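Only one structure is covered here, and it is reproduced in the block below.
Read-outs: derived from the displayed coordinates by stated rules, not from any lab. Owing to the predicted nature of the structure, the values given are computational and were not obtained by experimental measurement. When we count neighbours, we look across all protein chains shown, and the Cβ atoms used for this are built from the backbone with ideal geometry, even at glycine.
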Amino acid sequence: MADEKKKPTFRKIEATGPCKKIMADHFYELDEAAKSGSRKIAWCTSVGPAELLRAMGFLVYFPENHGAILGATRVALDTIPIANAAGYSPEICSYLTSDVGAYMKGETPLSLAYKGITEVPKPDVLVYNTNQCRDVKDWFMWYSRELDVPCIGIESFCNIEVSREPHIAAVSQQLKDLVPALEKISGEKFDLDRFKEVVGLSRRCSDLWEETLQMGAAVPSPLTFFDSTILMGPAVVARGTQEANDFYELLIPELKQRVKDGVAAVDGEKHRIYWDGMPIWGKLRDLSTTFLSLQTCVVASTYCNSWVFSDLDADNPFDSMAKAYTDLFIVRSDSAKEEYISKMARDFKVDGFLFHDAKTCPSNSNNRYGMPERLAAKFGVPSVTIAGDLNDLRLYSEEQSITQIEAFIEQIAEK
Amino acid sequence: MADKFYAGVDVGSSATKVVIVDGSGTVASMALELSGMDFVAASKTALEKAAKDAGTSIDNIAHITSSGYGRKNVEFANDTKTEIACHARGAYQYFREAMTIVDIGGQDNKIIKLGPDGNRLDFKMNRKCAAGTGAFLEEIALRMNVDMSKMDALARKSEEVVTISSFCTVFAATEILSLVRQGAQTRDIAKGAFRSVVKRVIEMDSLAGTIVATGGVVSHNPIVLELMAETIGHEVLTPPEPQFSGALGAALYAVDEGRQ
């Protein structure tokens with residue numbers, strides 16, 4: 001009798017197919033280049049200077065994307081302990097530990113998804129931006145030592161209220177300083193016009209991705225946070241290319257049609273939730289099902305919005321990149337973050353806040369300085385904090401978390 | 001025509017509790033079984049016992065609501081509610097005012113805040129680890145080779161204050177070995193363990209207004225109530241059967257649902 005309700009069904013977004021193709025093309029292109037040496041490959045942190053790398057002729061690979069795949073496929077559970085045993089603490093970024101552990105094990109989930117790919121593409125250069133955290137640099141430095149590949153990057157500011165001219169100037173100069181080293185590795189001369197073109201394409205991608213996410217403000221919402229964690233793929237790995245923009249030009253009309261027709265991503269949407277923090281990659285499906293069965297749509301998130309770079313400006317590429325990558329949510333102070341989430345809560349008409357306290361990602365666990373309590377009081381809606389992790393499921397108690405989520409929704413429903 | 005009955009089944013990590021009420025919400029019977037590994041069997045046995053004590057049969061129970069960690073395993077339940085909702089409802093049945101409920105269970109703790117109308121304002125659960133729960137006390141009792149049922153009486157004989165600082169249950173056990181080496185008495189360590197539970201609970205959330213403690217730990221170890229009151233400098237109330245508070249809440253929800 002209990003829980004014999006009709007099983008909830010997922011409403012598939014048709015553009016997911018083309019999204020998967022872009023991801024496949026991305027990995028096959030890198031694989032071919034790594035095997036043939038036809039193109040130089042740069043590894044880049046997820047919100048690193050991808051536009052500059054692309055403009056200088058590199059194919060760009062994002063280890064954090066690989067980290068997310070390790071998490072989603074739960075391969076991370078086998079690979080994290082390998083890095084732990086090599087001296088990389090279970091307390092540090094589990095993208096780092098799962099990825100380094102996978103390399104040490106000689107394994108990649110890409111080989112399961114993409115026939116013919118047996119390893120991640122070897123880099124010619126590793127380029128970081130510490131705007132997210134210090135871990136990305138430590139991560140790349142491991143590969144630099146292991147593969148004897150140069151590791152260069154940008155040391156960013158952190159916890160800033162709002163970026164000011166000295167911040168921008170410092171980051172912009174560091175971006176410019178990368179050019180000579182990159183020219184040497186790529187063998188190509190820096191071309192400002194090409195750089196402007198890539199920044200322009202990336203800005204367009206950012207605008208399209210923002211428009212996509214903004215669809216979640218419709219009632220009912222045509223997409224969920226869980227959809228967005230998949231649909232964001234092109235904005236992450238292919239920003240600065242026409243292909244990424246073409247994909248979002250295809251996706252947006254589909255979502256617009258849903259809004260026009262009143263088609264909900266979650267059947268009978270009753271409650272609307274904001275998700276702060278990292279996804280729990282290995283539990284995306286389960287969490288998505290839980291929310292679906294509770295007729296609750298996670299309509300907005302901090303995480304997916306992290307690939308909106310509205311400050312990019314093709315006419316002023318260095319400074320605008322510096323600003324875009326310094327004004328990111330993750331770089332900002334708690335008060336700036338709170339203001340940002342408050343705006344999202346109003347725009348998306350949320351009924352409650354869910355904070356994911358990811359054990360190994362302090363930079364993106366925004367519950368730790370009283371924000372859930374402050375936001376709940378400000379909006380008069382409940383908040384809940386789930387203890388978990390992006391990749392290390394040893395740090396996630398499913399039973400307890402589901403109980404918390406169900407109680408949270410009960411509380412919203414009783415209001 | 002015989003009165004209709006309604007049941008709440010609270011399948012916790014340690015014990016499964018059943019409360020049967022009549023249509024007015026008056027308790028007709030209660031039963032408890034260890035949850036063990038078979039939640040279905042434990043809940044069925046407890047329900048049969050409670051039904052027998054209420055002078056009825058399972059067939060005459062109009063609606064069954066299950067709660068607790070094993071709520072989804074109770075295949076004969078009509079619906080489920082979280083233990084947060086049920087503890088709140090069960091406590092409010094006895095104390096009709098704004099309150100903070102502190103529930104100390106076998107493997108988790110909850111702090112639930114209610115408004116004057118019994119509406120839930122907020123809740124917190126302990127993080128993943130079992131610090132401050134019944135499992136922590138069981139581990140300490142095991143380490144000291146003391147029967148858990150004797151811990152309360154033993155702690156009451158304490159004369160010296162012994163502090164257990166470790167957050168982690170495993171580290172606390174190591175700390176106890178160290179205390180034993182230093183000559184600490186078992187009775188003082190027992191009280192230190194109860195004090196540690198209180199510390200872990202009060203750091204979960206602020207405690208305001210009327211404080212009501214529920215759950216198996218306070219039911220079997222009332223010293224926790226005294227230590228909590230001493231620590232926070234505030235009276236701590238408890239319903240008549242604190243371990244059955246969640247099952248009572250579930251039964252009251254069953255009345256609501258069954259009457260619709």
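A compact table of results
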{"quantity": "Residue of B:Leu121, B:Leu207, B:Leu34 that the Gaussian network model of chain B assigns the largest fluctuation, springs spanning Cα pairs under 10 Å", "calculated": "B:Leu121"}
{"quantity": "Sequence of A:Ile280, B:Ile58 once ranked by neighbouring C-beta atoms within 10 Å, starting from the fewest", "calculated": "B:Ile58, A:Ile280"}
{"quantity": "Evaluated over region A:153-247, the Cα radius of gyration and Dmax, each in Å", "calculated": "17.1, 52"}
{"quantity": "q = 0.15, 0.17, 0.18, 0.21 Å⁻¹: log10 I(q)/I(0) that the Debye formula gives for region B:1-139, counting C-alpha atoms only", "calculated": "-0.76, -0.96, -1.05, -1.28"}
{"quantity": "Distance from region A:208-254 to region A:342-363 (C-alpha centre basis), Å", "calculated": "19"}
{"quantity": "Two-decimal ratio, region A:358-403, of alpha-carbon radius of gyration to 2.2 N^0.38 Å", "calculated": "1.27"}
{"quantity": "Max mean-square fluctuation residue, GNM over chain A, Cα-Cα springs under 10 Å, options A:Leu213, A:Leu52, A:Leu395", "calculated": "A:Leu395"}
{"quantity": "Calculated from backbone phi, Karplus (6.51, -1.76, 1.60) coupling profile of region A:316-322 in Hz, x at Gly/Pro", "calculated": "9, x, 5, 5, 6, 5, 4"}
{"quantity": "Sum of side-chain charges, A:Thr79 neighbourhood, beta-carbon under 13 Å (Lys, Arg +1; Asp, Glu -1)", "calculated": "-1"}
{"quantity": "Amide proton proximity set for A:Gly153, modelled H, under 5 Å, gap of 5+", "calculated": "A:Tyr128"}
{"quantity": "Translational D in µm²/s for region B:82-136 (Stokes-Einstein at 4 °C, 1.567 mPa s, Kirkwood Rh from C-alpha pairs)", "calculated": "114"}
{"quantity": "Near-label residues of region B:127-162 by backbone N, under 14 Å of a point 7 Å along Cα→Cβ of B:Val180", "calculated": "B:139-147"}
{"quantity": "Convex hull volume per residue in cubic angstrom - Cα atoms of region B:97-238", "calculated": "92"}
{"quantity": "In order through region A:24-33: 3J(HN,Hα) via Karplus (6.51 cos²θ - 1.76 cosθ + 1.60), integer Hz, x for Gly, Pro", "calculated": "5, 4, 4, 6, 5, 4, 5, 5, 5, 5"}
{"quantity": "FRET efficiency, 1/(1 + (r/R0)^6) with R0 30 Å, evaluated for A:Ala24 and A:Asp261 via beta carbons", "calculated": "0.50"}
{"quantity": "Computed Rg/Rh of region A:293-371, alpha carbon atoms with Kirkwood Rh", "calculated": "1.03"}
{"quantity": "Anisotropy class of region A:224-363 from Cα gyration tensor, a/c 1.5 cut", "calculated": "oblate"}
{"quantity": "Radius of gyration, Dmax [chain B; alpha carbons; angstrom]", "calculated": "18.8, 68"}
{"quantity": "Which of B:Thr26, A:Thr224, B:Thr238, A:Thr290 has the fewest Cβ neighbours within 10 Å, and the rest in rising order", "calculated": "B:Thr26, A:Thr290, B:Thr238, A:Thr224"}
{"quantity": "Reciprocal of mean inverse Cα separation for region A:17-414 (Kirkwood radius, Å)", "calculated": "21.4"}
{"quantity": "Neighbourhood charge, 9 Å Cβ-Cβ cut-off, centred on B:Gln185 and excluding it, Lys, Arg +1 and Asp, Glu -1", "calculated": "-1"}
{"quantity": "Most mobile of B:Met125, B:Met151, B:Met228 in a GNM of chain B (Cα contacts under 10 Å)", "calculated": "B:Met125"}
{"quantity": "Label-point gap, in nm, between A:Lys35 and A:Tyr369 - each point 7 angstrom along Cα→Cβ", "calculated": "4.9"}
{"quantity": "Long-range amide H partners of A:Thr385 with built H, under 5 Å", "calculated": "A:Phe355"}
{"quantity": "Proportion of all alpha-carbon pairs of region A:243-324 beyond 18 Å (%)", "calculated": "62"}
{"quantity": "Length-normalised contact order for chain A - Cα pairs under 8 Å, 6+ apart - percent", "calculated": "19"}
{"quantity": "Zone residues, region A:254-287, relative to A:Lys378, backbone N less than 19 Å from point 7 Å out along Cα-to-Cβ", "calculated": "A:272-278"}
{"quantity": "FRET efficiency, 1/(1 + (r/R0)^6) with R0 51 Å, evaluated for A:Glu414 and A:Val162 via beta carbons", "calculated": "0.85"}
{"quantity": "Rough spin-label spacing in nm, given labels placed 7 Å along Cα→Cβ, for A:Ser293 and B:Glu97", "calculated": "3.9"}
{"quantity": "Under the Debye formula (equal points on every Cα, no solvent term), log10 I(q)/I(0) of the protein assembly as shown at q = 0.10, 0.12 Å⁻¹", "calculated": "-0.99, -1.25"}
{"quantity": "Ratio Rg/Rh, restricted to region A:319-415 and using Cα atoms, in which Rh is the Kirkwood radius", "calculated": "1.02"}
{"quantity": "For region B:1-71 and region A:133-180, distance of Cα centres in Å", "calculated": "61"}
{"quantity": "Residues A:His271, A:His26, B:His87 arranged by fewest to most Cβ contacts within 10 Å", "calculated": "A:His271, A:His26, B:His87"}
{"quantity": "Calculated P(r) tail over 25 Å for region B:156-260, as whole % of Cα pairs", "calculated": "34"}
{"quantity": "Unsatisfied cross-links (Cα-Cα over 27 Å) in the set B:Lys17/B:Lys150; A:Lys349/B:Lys113; A:Lys196/A:Lys359; B:Lys110/B:Lys150; A:Lys21/A:Lys256", "calculated": "A:Lys196/A:Lys359"}
{"quantity": "Point-to-point label distance, A:Ala113-A:Arg11, nm (Cα→Cβ direction, 7 Å offset)", "calculated": "2.6"}
{"quantity": "Efficiency of FRET between A:Glu91 and A:Glu146 - r from beta-carbon atoms, R0 25 angstrom, step 0.05", "calculated": "0.70"}
